[in-house]
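The values are calculated or read from the model by the stated rules, or taken from the named source; none is laboratory data. Values in this document were obtained by computation on a predicted structure and should not be read as measured data. Neighbour counts run over all protein chains shown; Cβ positions are idealised from the backbone, glycine included. Ligands, DNA and RNA are stripped out before the accessible areas are found, and what is left, the full protein with its side chains, is counted by its heavy atoms. Shrake-Rupley method; radii C 1.70, N 1.55, O 1.52, S 1.80 Å.
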Amino acid sequence: VQLQASGGGTVQAGGSLSLTCSTHGSIFSLDTWGWDRQTPGNEREFVATWTRLPTTSYADSVKGRFTISVDSGKRTVYLQMNNLTAEDSGVYYCRRGTFDRSLGWGQGTQVTVSS
């Protein structure tokens, strides 16, 4: 399964961005889909996960501001990001996985929030 993230860009603090992860391949009905982000010199960190149950979970730093959703028909994963802060800057990666582990990430998309 190929994952292609898009929708990143530069936005002022307090603004919004909507990320999209388009998936290509025969397997879309995995257990979990999610978003992680990474900044230079730091490890990739968890942002949000959607499960097929369905449930969602978020990092404490983004709760109440970010929303993850999945459109199975379009084979697409979304991340709506509101009230962005400079700490949200980074490269965002779409993630696929099972309940037990991550199976891989696609190409990331850069998000830059200017304060």
* Failed condition for Y58, given (1) closer than 15 Å to G104 by Cβ; (2) free of Cβ contacts under 8 Å to residues at least 40 places away in the same chain; (3) of a type in the set (F, W, Y) -> (1)
* **Of residues in the range 24-78 being of a type in the set (F, W, Y) and not in a loop (DSSP other than H, G, I, E, B), the one most open to solvent (accessible area, probe 1.4 Å)** => F46
* Which one of the conditions (1) open to solvent by less than 50 Å² (accessible area, probe 1.4 Å); (2) of a type in the set (A, V, I, L, M, F, W, C); (3) in a loop (DSSP other than H, G, I, E, B) does L3 fail to meet, given that it meets all the rest? -> (3)
* Asked: Quick check: is even one residue across the range 101-114 in contact with a Lys or Arg (Cβ under 7 Å, 6 or more places away or on another chain), touching a residue at least 12 places away in the same chain (Cβ under 8 Å), within 16 Å of G9 (Cβ to Cβ) and among the polar types (S, T, N, Q)?
  -> no
* To do: Could you list, in sequence order, all residues of the range 67-90 that are over 13 Å from V113 (Cβ atoms), under 13 Å from the mean Cα position of the chain (by Cα) and not hydroxyl-bearing (S, T, Y)?
  => I68, V70, V77, L79, Q80
* Asked: Counting only residues that are assigned to a strand (DSSP E or B) and hydrophobic (A, V, I, L, M, F, W, C), which one in the range 79-115 is most open to solvent (accessible area, probe 1.4 Å)?
  -> W105
